[in-house]
1. Before we move on, is V319 more than 16 Å from ligand 4 (Cβ to nearest atom), surrounded by 14 or more Cβ atoms within 10 Å (Cβ to Cβ) and either at pLDDT 95 or above or closer than 18 Å to R380 by Cβ (or both)?
2. Quick check, is V76 surrounded by 14 or more Cβ atoms within 10 Å (Cβ to Cβ), among the aliphatic types (A, V, I, L, M) and either outside any loop (DSSP other than H, G, I, E, B) or under 18 Å from the mean Cα position of the chain (by Cα) (or both)?
3. For the range 136-162, enumerate the residues that are β-branched (V, I, T) and either out of contact with any Lys or Arg (no Cβ under 8 Å at 6 or more places or on another chain) or without any contact (Cβ under 8 Å) to a residue 24 or more places away in the chain (or both).
4. Would it be correct to say that M245 is assigned to a helix (DSSP H, G or I), surrounded by 16 or more Cβ atoms within 10 Å (Cβ to Cβ) and away from ligand 4 (no atom under 16 Å from the Cβ)?
5. Looking at the range 270-294, which of the residues that are aliphatic (A, V, I, L, M) and under 18 Å from the mean Cα position of the chain (by Cα) is nearest to I337 (Cα to Cα)?
6. Taking E186, is it surrounded by 14 or more Cβ atoms within 10 Å (Cβ to Cβ) and more than 30 Å from F38 (Cβ to Cβ)?
7. So V208 fits all but one of (1) of a type in the set (V, I, T); (2) within 14 Å of ligand 1 (Cβ to nearest atom); (3) in contact with a Ser or Thr (Cβ under 7 Å, 6 or more places away or on another chain); what number is the exception?
8. When the range 371-418 is examined, which residues are found to be farther than 24 Å from V208 by Cα, within 10 Å of the chain's Cα centre (by Cα) and open to solvent by 10 Å² or more (accessible area, probe 1.4 Å)?
Amino acid sequence: NLRTHYTAEVKPESVDNGQKITLAGWIHEVRDLGGICFVVLRDREGKAQVTLVKKKIDKELFDAARRLIRESVISVTGSVKFEEKAPNGYELLPEEIKVLNVAGSPLPMDTTGKVEAELDTRLDSRFIDLRRAETTAVFKIRHEALQAIREYFVKNKFIETATPKVVATATEGGTALFPITYFDREAFLNQSPQLFKQILMGGGFDRVFEIGPIFRAEEHDTRRHLNEATSIDVEVSFADHFDVMEILENLVAHIYTRVIENCKASLEILGVELKVPKTPFLKLTYDEVIEIVNSRCEEKMHWGDDLGTLGEHTVGNYVYETTGESHYFIIDWPTEIKPFYAMPYEDRPEFSKSFDMMHRTMELSSGAQRIHISELLKSRIESQGLNPDGFEFYLKAFEYGMPPHAGWGMGCERFVMTMLGTENIRDTVLFPRDRRRLSP
Ligand code: ATP
Ligand code: MG
Ligand code: MG
Ligand code: MG
């Protein structure tokens with residue numbers, strides 16, 4: 001057996017003093033003080049100190065230990081000695097150290113945290129970077145967030161779906177797509193599951209969610225855009241935009257609650273203190289947002305403009321200063337700047353039943369009540385300069401009993417990024433895809 005315990009599982013509650021255990025992991029550090037040698041073993045859950053006293057143990061074992069090479073893979077069997085002064089409250093007195101694989105040197109990057117590496121260096125040697133406790137912590141929290149999301153949706157009677165990522169039509173225009181070759185035809189990587197989740201409403205699924213990749217040929221290089229991102233998507237029948245905003249804010253609160261409960265160690269490693277956002281979130285109308293921006297910002301915003309980065313920060317800070325909360329909604333956007341499927345208000349069709357859910361620093365989600373009336377949908381597609389012929393497979397679903405419905409999409413990476421205060425979205429993806437980066 002190469003491992004009986006993770007380092008973090010060795011606690012007086014569950015392990016006896018003197019008990020024989022086996023740890024497995026990487027050599028974090030070897031400190032050879034002559035008469036005594038400390039080998040720090042690191043695994044996914046933490047670190048443990050293996051202590052070798054020259055006078056007390058086999059000479060061969062002692063000599064082998066002091067020659068161990070950093071980041072090599074080992075399995076150590078020995079007895080536990082609880083010791084307050086040791087880094088994790090115990091040390092392991094080894095009987096056997098198996099070297100399972102020797103690491104080359106020098107290492108492509110430092111793992112001890114003593115040298116701060118650039119993001120690019122870290123991403124180039126991601127396999128080493130992932131061994132750092134700070135990096136692991138981000139992905140453990142991301143994992144917990146995704147578990148919380150599934151738990152929330154299952155509890156609320158949603159069906160999890162998987163829609164195709166290789167598609168024939170551009171979803172919504174606007175965003176640039178990645179063309180691919182599909183046998184002898186042109187196809188694209190899907191930018192959003194939008195059209196398919198709406199078809200599922202026509203299929204009577206009522207409440208669906210999907211967690212999957214979206215692809216966008218974003219030309220610009222920002223800290224919050226990826227070319228391959230993970231989208232959390234929701235569509236609900238017999239619902240309007242207010243209904244799905246409520247689902248969204250409750251989901252956000254649920255994720256924070258679960259992460260606070262279950263990720264204490266990871267949050268501590270990252271130095272992040274979370275508080276559950278207060279629901280319901282503040283709702284500002286698009287018109288109110290224009291006023292806030294124009295009264296506080298040099299860069300003026302006109303009716304029909306999307307919110308720029310400066311605008312996002314201005315409004316976000318305004319909300320934070322007045323309410324102490326980071327999350328809020330911007331509702332009632334001009335119909336012309338939202339996708340064709342957003343439902344216009346009957347009495348003022350220049351406004352749509354749409355919303356963005358914002359964090360103080362950036363947009364997290366966009367959603368709307370959708371158009372479920374075939375004729376209106378066709379005319380909206382045309383007035384956005386798109387050709388309805390390309391949407392036949394979609395439009396057909398609206399002619400034989402499509403219920404009213406609403407939904408939203410939220411970027412998983414942006415959510416994690418804002419929750420943890422990460423500087424760059426690339427920190428929240430294992431292997432980010434951006435303009436320059438296609439491997440690893
Ligand atoms: P932005 O205005 O920030 O470019 P968007 O309005 O183009 O975002 P939507 O089409 O509304 O994005 O997509 C829904 C959500 O998906 C966004 O709110 C965001 O969280 C996420 N998202 C969109 N594009 C990207 C991207 N390139 N990288 C990471 N996440 C993205
Ligand atoms: Mg965009
Ligand atoms: Mg946007
Ligand atoms: Mg948006």
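The values are calculated or read from the model by the stated rules, or taken from the named source; none is laboratory data. In this text, all values refer to a predicted model and were calculated from it rather than measured experimentally. Cβ: placed from backbone, ideal geometry, glycine included. Neighbour counts: every protein chain shown. Surface areas here come from the heavy atoms of the whole protein model, side chains and all, with no ligands, DNA or RNA. Shrake-Rupley method; radii C 1.70, N 1.55, O 1.52, S 1.80 Å.
1. Details: more than 16 Å from ligand 4 (Cβ to nearest atom): yes; surrounded by 14 or more Cβ atoms within 10 Å (Cβ to Cβ): yes; either at pLDDT 95 or above or closer than 18 Å to R380 by Cβ (or both): yes.
Yes, satisfied.
2. yes
3. First, pick out the residues of the range 136-162 that are β-branched (V, I, T): 136, 138, 141, 149, 154, 159, 161.
Within the range 136-162, V138, I141, I149, V154 qualify.
4. No, not satisfied.
5. Taking the range 270-294 as the starting set, the residues that turn out to be aliphatic (A, V, I, L, M) are 270, 272, 274, 276, 282, 284, 289-290, 292-293.
With the extra rule that they be under 18 Å from the mean Cα position of the chain (by Cα), the set shrinks to 270, 272, 274, 276.
On the way: L270: 38, V272: 36, L274: 34, V276: 32 Å.
Per the stated criteria, the residue is V276.
6. Spelling it out, it is not the case that E186 is surrounded by 14 or more Cβ atoms within 10 Å (Cβ to Cβ) and more than 30 Å from F38 (Cβ to Cβ).
7. (2)
8. T418
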